[in-house]
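Asks: What follows is a single structure, and I will ask about it in a moment.
The values are calculated or read from the model by the stated rules, or taken from the named source; none is laboratory data. The structure presented is a predicted model; accordingly, all values stated were derived computationally and were not measured. We place every Cβ from the backbone using ideal geometry, glycine too, and count neighbours over all the protein chains shown. Keep in mind that these areas ignore ligands, DNA and RNA; they rest on the heavy atoms of the full protein, side chains included. Shrake-Rupley method; radii C 1.70, N 1.55, O 1.52, S 1.80 Å.
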Amino acid sequence: MSKRSSVALDTVIKQAIKVGRYPWMAGRLAAVEKEKIFFSALNPHAETGHARSIRQLSIRITDMCNLRCHTCGQWGDHGFLHGKNLKDLKKQEITPERYLALLEDLARNGHHPSVYLWGGEPTMYKGWLEIVERATELKMPTSIVTNATKLVPAADRLAAAPLFLLQISIDGHDAATHNAARPSASGGDNHKVIQEALAAVKEAKKAHKTKLPLVAALCTISSANVNHLVDIYEAYKDRVDIFVYYLSWWIDEKSAKAHDEDFARRFGFTPKLHWGWVGDWTIKDHETLDKQLAEVKRRSKGFGKPAVNIIPNITGLANLKEYYTNHEATFGYNQCISIYQAVELDSNGDMSPCRDYHDYIVGNVREHTITELWNSEAYRRFRASLHTEGLMPSCTRCCGLMGY
């Protein structure tokens, strides 16, 4: 059986009481995990590309971002958005009204997926709060991943909704380390922004007498912070509920070229976006990383301490070295099932089966609803290809495969 990504049991246990007031949230999230575990039994005709219920709606809601994080495939060192006209990118965004209509259509058709907003920096999209509020009203657990920009004025509404999960990118224990990994496009201090946002969210939760949103610190491991993973845990352990340490997604040129050929053979055109993830940010000091991860896991033991999740869940010195030096290694993650459960929307409305390498487009939600495209011929063709022919070269370091 193929290995599946999953929420660590320690995380589930520690957060269960905080979600207790909202059992529908727990039910929706449990359904995702159930589909992962029993995928083969629940999808006996997966080879045809036909999918069941939509379990996650992932919206890359804007391309705008005020940071230039080195490990980002969009605006990072080799990001695919470099050279794009910002006004054009903004102009092509889908309106908030259209997103609200799409949410209503999903509910009418019996789909109540978790909603995941990302970017770019999603808080730079006008109308993001209205989407959070309406999705929650429709019993769709909603989360957002953000660099904390504009969270202070939004904190009260996030607690009132309530937002299910607030994921904040934190790559350093101090300003120097964090801002070096996530530099501002205009000279701002993102580390300071995060401190202010965490304080505002804490006060808003207290005012509304709620444990939500859960706050997760997302740390993308890089050469800039590999020596400070324990320091990050210690610096934020009293202010967040969950720590997520990403080993980081990466591609080498050999795999990128192989992906060009395999993708073109399957689908008739050459992809481009995966080249944005070719970079030199992979970890070279595997022994230090192994020790740091082991220590943060040790410090997280105990019910009163925030849980630690490593994504992908690969540990041990030998495995970590293999992860960063052999792009072909899959560690048992050899079947993509997120394409049967999750919808990926780009900022311009393009709908794709793939989160990180979204060259393959099945349609646009300006002209179609999500439910109309979900089992369209184009969507089924992509699913069937990966199910019957296996992964493509870029797939081995993809959030949809190893982190969904």
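Asks: Which is farthest toward the positive dipole end of the chain among Asn334, Ala160, Ala41, measuring Cα position about the Cα centre, with Cβ charges +1 (Lys, Arg) and -1 (Asp, Glu)?
Replies: Ala160
Asks: Give me the dipole magnitude in Debye, nearest 20, for region 209-349 about the Cα centre, with unit charges on the beta carbon: positive for Lys and Arg, negative for Asp and Glu.
Replies: Once rounded to the nearest 20, the dipole reads 640 debye.
Asks: Moving on. Under a point-charge model restricted to the Cβ atoms of Lys and Arg (+1) and Asp and Glu (-1), what is the dipole moment magnitude of region 1-146 relative to its Cα centre, in debye to the nearest 20?
Replies: Dipole of region 1-146, to the nearest 20 debye: 240 debye.
Asks: Label-point separation (nm) for Asp238 and Phe38, each offset 7 Å from Cα along Cα-to-Cβ?
Replies: Calculated label separation equals 4.5 nm.
Asks: Between Ile170, Ala135, Ile13, whose Cα lies farthest towards the positive end of the dipole of the chain when Lys and Arg beta carbons carry +1 and Asp and Glu beta carbons carry -1, centred on the Cα centre?
Replies: Looking along the dipole axis, the top candidate is Ile13.
Asks: Note down the relative contact order for region 270-397 as a percent, whole number, built from C-alpha pairs under 8 angstrom at least six residues apart.
Replies: Worked out over region 270-397, it gives 23 percent.
Asks: Can I ask one more? What number comes out for accessible area per residue over region 48-181 if the probe is 1.4 Å? Units Å², please.
Replies: It amounts to 37 Å² per residue over region 48-181.
Asks: Still on this structure, I have one more. Report for the chain the percent antiparallel among DSSP-assigned beta bridges with both residues inside it, nearest 5.
Replies: Among the beta bridges of the chain, antiparallel pairing accounts for roughly 15 percent.
Asks: Please give the calculated 222 nm ellipticity per residue for the chain, where each DSSP H segment of at least 4 residues contributes -39500 (n - 2.57) and the sum is spread over every residue; nearest 500 deg cm²/dmol?
Replies: -11500 deg cm²/dmol
Asks: At a 4.7 angstrom Cβ threshold, list every cysteine in the chain that has nobody to pair with, or say none.
Replies: Cys65, Cys219, Cys336, Cys354, Cys395, Cys398, Cys399
Asks: Just for the Cα atoms in the chain, what are the lengths along the principal axes, largest first, rounded to whole Å?
Replies: Between the extreme Cα coordinates on each principal axis of the chain lie 49, 47, 46 Å.
Asks: Continuing with the same structure: Going toward the positive end of the dipole of the chain, with +1 on Lys and Arg Cβ and -1 on Asp and Glu Cβ, which of Leu317, Leu391, Tyr404 do you reach last?
Replies: The residue sitting farthest along the positive end of the dipole is Tyr404.
Asks: Provide the per residue accessible area, probe 1.4 Å, for region 276-336, rounded to a whole number of square angstrom.
Replies: Each residue of region 276-336 exposes 49 Å² on average to a 1.4 Å probe.
Asks: Pairs to check: Lys211/Lys237; Lys36/Lys257; Lys3/Lys237; Lys139/Lys209. Give those whose C-alpha atoms are more than 23 Å from each other in this structure.
Replies: Lys36/Lys257; Lys3/Lys237
Asks: In nm, give the distance between the simple-model label positions of Lys301 and Ala264, each being 7 Å from the Cα along the Cα-to-Cβ direction.
Replies: 5.3 nm
Asks: If you don't mind, there's one more thing I want to ask. Given a 1.4 angstrom probe, I'd like the percentage of the accessible area of region 287-361 that is carbon and sulfur, rounded to a whole number.
Replies: Carbon plus sulfur share of accessible area: 46 percent.
Asks: For region 36-134, would you read off the P(r) tail past 24 Å as a percentage of all alpha carbon pairs?
Replies: Percent of Cα pairs beyond 24 Å in region 36-134: 41.
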